[in-house]
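Report on one structure; see the data block that follows.
Any read-out appearing in this document is the output of simple, stated calculations on the displayed coordinates, not a laboratory observation. Small disclaimer: the values here were computed from a predicted structure and weren't measured. Cβ coordinates were reconstructed from backbone atoms using ideal geometry, including for glycine residues, and neighbour counts include every protein chain displayed.
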There are 2 protein chains.
Amino acid sequence: MRMTAFEDVSLRALMLLCANDTGFPLATRTIADGIGTPYNHVSKAVLKLRELGFVEATRGRAGGVQVSEAGRRASVGDVLRALDTREDLADCETPNGDCPLRHQCTLRGALRRAREAFYQALDSVTVSSLPHEGQMGPVLVQIGVRPPA
Amino acid sequence: MRMTAFEDVSLRALMLLCANDTGFPLATRTIADGIGTPYNHVSKAVLKLRELGFVEATRGRAGGVQVSEAGRRASVGDVLRALDTREDLADCETPNGDCPLRHQCTLRGALRRAREAFYQALDSVTVSSLPHEGQMGPVLVQIGVRPPA
């Protein structure tokens, strides 16, 4: 059981945006540097976060990405639920052929209920509560968002 | 959030072995046909299930794999917990570099608690209770484990 790389990058990008207390939007490149992830991956994650309303983007020279009000209030459970569009946790149906056991399989239902328990456990944790100042401060300085102390 | 392919194959192999009511062990090739998964993947899963004590293997011409007493009693939660050896659900540390946010990151702890909630939701479901006769009967006939009706 694990998060997908896309979920992982999206959550970390949102964490960084929540920690950005400068009032200015961040360039996608800056977010990528901040979370140590290739630009292309971060760019796709930001696009999806914007589509879901968790971040807002502004154009132009001083443009970039900022967390939205909804993003600031969102729980980790909210974000992961919104990102997860797969019906099944298991590979019941794949391009290479479907699992012969899939009909009336009670595993699918059990896994869906367990996934909901996973999300519920994360419903009380907002993304904006995740970043510690001690953890984010040095990162924000390093990527040039905050001046060195 | 999803199961790994290895967890998926292991669970389905164990389901099939639980449904095998012939009293005879199954060849790995037969299990692979039964769950529609390449032999190599099933072979690795069976090896791991054996290591964990969920299945037993016998050698020789009539040899093969059977579910053990522990495997018959095991819950889906037991099996997934045993298969999951990763400390983190997220890619906090990767061969390409560690996440700059990983120190004191509260996301890791929140995800670990949520993973435990996921497993707990599957602790009441035994693997041997998963296969329906209506689902498994035709598969067992198709792979030659049971004679056609």
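Normalised radius of gyration for the protein assembly as shown, please: alpha carbon Rg relative to 2.2 N^0.38 Å, two decimal places. Could the numbers behind the result be given before it?
Values: Rg = 22.8 Å, N = 298, 2.2 N^0.38 = 19.2 Å.
Against the compact-globule rule of thumb, the ratio is 1.19.
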For A:Ala57, label point 7 Å along C-beta direction: distances to other copies, nm: 5.1
Test item: A:117-125 mean partner chain Cβ contacts at 10 Å: 6
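Per residue of B:2-12, how many C-beta atoms from partner chains lie within 10 Å of its own C-beta, taken as a mean?
Mean shielding count: 5.
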Which listed residue (A:Ala70, A:Asn40, B:Val55) has the Cα farthest towards the positive end of the charge dipole for the protein assembly as shown, taking +1 on Lys and Arg C-beta and -1 on Asp and Glu C-beta about the Cα centre? A:Asn40
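For chain A, what is the calculated [θ] at 222 nm in deg cm²/dmol (nearest 500), taking -39500 (n - 2.57) for each run of four or more DSSP H residues and dividing by its residue count? Walk me through the numbers before you get to the answer.
Numbers: 7 runs with 75 residues, N = 149.
Rounded to the nearest 500, it is -15000 deg cm²/dmol.
If you put +1 on each Lys and Arg Cβ and -1 on each Asp and Glu Cβ, how big is the dipole of chain B around its Cα centre, in Debye rounded to 20?
Numbers: 18 positive and 17 negative charges, 48 e Å.
Using Cβ point charges on Lys, Arg, Asp and Glu, chain B gives about 220 debye.
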Counting only C-alpha contacts under 8 Å and six or more residues apart, can you give the relative contact order of the range B:1-66 as a whole percent? 37
So the label point sits 7 Å from Cα along the Cα-to-Cβ vector; using that for A:Gln142, what distances do you get to the other copies, in nanometres, sorted shortest first? 5.2
With an 8 Å Cα cut-off and a minimum separation of 6 or more residues, compute the relative contact order for chain A in percent. 29
Using a 7 Å Cα-to-Cβ projection, A:Arg29 label spacings across copies, nm, ascending: 5.8
Other chains' Cβ within 10 Å of B:70-76 residues: what's the mean? 1
